[in-house]
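Please read the structure below before turning to the comments.
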Amino acid sequence: MSFKIPELNNPSVCMRDPQRVQDILMSMQKSGSNTLQVISDFDMTLTRFAYEGKRCPTCHNILDNSKLISNDCKEKLKELLNTYYPIEIDSSRSIEEKLPLMVEWWTKAHDLLVEQRIRKDLLATVVRESEARLREGFQLFFNHLHEHSIPLLIFSAGIGDILEEVIRQAGVFHSNVKVFSNYMDFDESGVLKAFKGELIHIYNKREGALLNTGHFQELRTRPNVLLLGDSLGDLTMADGVQDMENILKIGFLNDKVEERKQSYLDSYDIVLVKDETLEVPNAVLLYLTDCCLIYSIS
Ligand code: C5P
Ligand code: MG
């Protein structure tokens, strides 16, 4: 099949139904970029999974590995990661089975972080000293959406304060970006005392979306959605969108590829296998905003 977007022929791209992808893309392009909104997960979707053979950190890992955490606590957080991450990516367990275990992971980790009396004024330094890495092509992604006034919702079960700092330091925290995430609550002296509001974990993004009807109400003139995620839990991030017309779901499959490929192909329209770049989402965005020419000559 010949695509209008040549990047869809990249070796990392897998699709169960290429014709469906083509149809959705054409319908979204016809509606125009003023009907588009983008909803993206953060960890391992906008950030890299690995760099030079080494795993890159999630928002939580940025804190876990930082100088703000005692060695004893680092050990405990690592133990939690080693216990629960394999469960997160285990394709032999159902979401129903994983859900309470994920709540357990997030709750235990947040309790440990609160015990560390983390100071708000040190977060920027911790992020600067970390190995956080946005995916290649992130400038084009963020800047293009901003230039075309397309709203970007970053919907993350990570830590909002850390996530914001990562994109601020990268110079891409533009005015069109909104974040739903777990935010830290500090006491009057700037020390972490709790996490605010309802916990967002990997499998309750639907509930998080439905708590934020105001946001989706504001965007009701944008019924076309580009969704980016790396977990099957990310598929519910757009459940709050009102009067949705089209949705194109792009999923990064970073880990346990063979075991999980079929389930990703069944639920994401485009699956990017071990692709550390935003090349394909960027090409889709340029197509949807009629900028293919600029893209091909730049
Ligand atoms: O931004 P996103 O929703 O992807 O953030 C969730 C990710 O954070 C999960 O994929 C999980 O592996 C990771 N996590 C972590 N440490 C925790 C809890 C979650 O690294 N304590
Ligand atoms: Mg993720």
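Worth a mention:
- Among the residues here, Ile159 qualifies as touching a residue at least 60 places away in the same chain (Cβ under 8 Å) and among the β-branched types (Val, Ile, Thr).
- Unmet requirement for Asp290, which otherwise passes all of (1) modelled with pLDDT of 95 or more; (2) on the phi > 0 side of the Ramachandran plot: (1)
- Of the residues making up segment 33-48, one or more are surrounded by 18 or more Cβ atoms within 10 Å (Cβ to Cβ), basic (Lys, Arg), more than 10 Å from ligand 1 (Cβ to nearest atom) and not in a helix (DSSP H, G or I).
- Residues satisfying the criterion are present in segment 140-152 (criterion: within 16 Å of ligand 2 (Cβ to nearest atom) and part of a helix (DSSP H, G or I)).
- Single residue of Glu198, Glu218, Glu245 found to be farther than 30 Å from Ala50 by Cβ, at pLDDT 95 or above and touching a Leu at 6+ places or on another chain (Cβ under 7 Å): Glu198
- Flag not set for Ser231, criterion: under 30 Å from Ile87 (Cα atoms), touching a residue at least 24 places away in the same chain (Cβ under 8 Å), in contact with a Ser or Thr (Cβ under 6 Å, 6 or more places away or on another chain) and among the hydroxyl-bearing types (Ser, Thr, Tyr).
- The single condition among (1) surrounded by 14 or more Cβ atoms within 10 Å (Cβ to Cβ); (2) under 20 Å from Cys73 (Cα atoms); (3) within 16 Å of ligand 2 (Cβ to nearest atom) that Tyr85 does not meet is (1).
- Of the listed requirements (1) within 11 Å of ligand 1 (Cβ to nearest atom); (2) more than 23 Å from Arg260 (Cα to Cα), Glu52 misses just one: (1).
A quick yes/no check of all residues on (1) away from ligand 1 (no atom under 13 Å from the Cβ); (2) more than 20 Å from the chain's Cα centre (by Cα); (3) closer than 17 Å to Lys78 by Cα; (4) part of a helix (DSSP H, G or I):
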residue	(1), (2), (3), (4)
Glu96	yes, yes, no, yes
Trp105	no, no, yes, yes
Lys108	no, yes, yes, yes
Leu112	no, yes, yes, yes
Val126	yes, yes, no, yes
Ala132	no, no, no, no
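- Single residue of Ile89, Ile95 found to be over 19 Å from Ser181 (Cα atoms), touching a Gly at 6+ places or on another chain (Cβ under 8 Å) and of a type in the set (Val, Ile, Thr): Ile95
- In segment 110-141, the residues that are of a type in the set (Asp, Glu) and touching a Phe, Trp or Tyr at 6+ places or on another chain (Cβ under 9 Å): Glu131
- Selection status of Arg128, touching a Gly at 6+ places or on another chain (Cβ under 7 Å) and more than 16 Å from ligand 2 (Cβ to nearest atom): no
- Residues of segment 25-62 satisfying the condition of being over 18 Å from Met102 (Cβ atoms), among the aliphatic types (A, V, I, L, M) and within 16 Å of ligand 2 (Cβ to nearest atom): Val38, Ile39, Leu46, Ala50, Ile62
The values are calculated or read from the model by the stated rules, or taken from the named source; none is laboratory data. Please read these numbers as outputs of a predicted model, since none were measured by experiment. Reconstructed Cβ throughout: ideal geometry from the backbone, glycine too, with neighbour counts over all protein chains shown.
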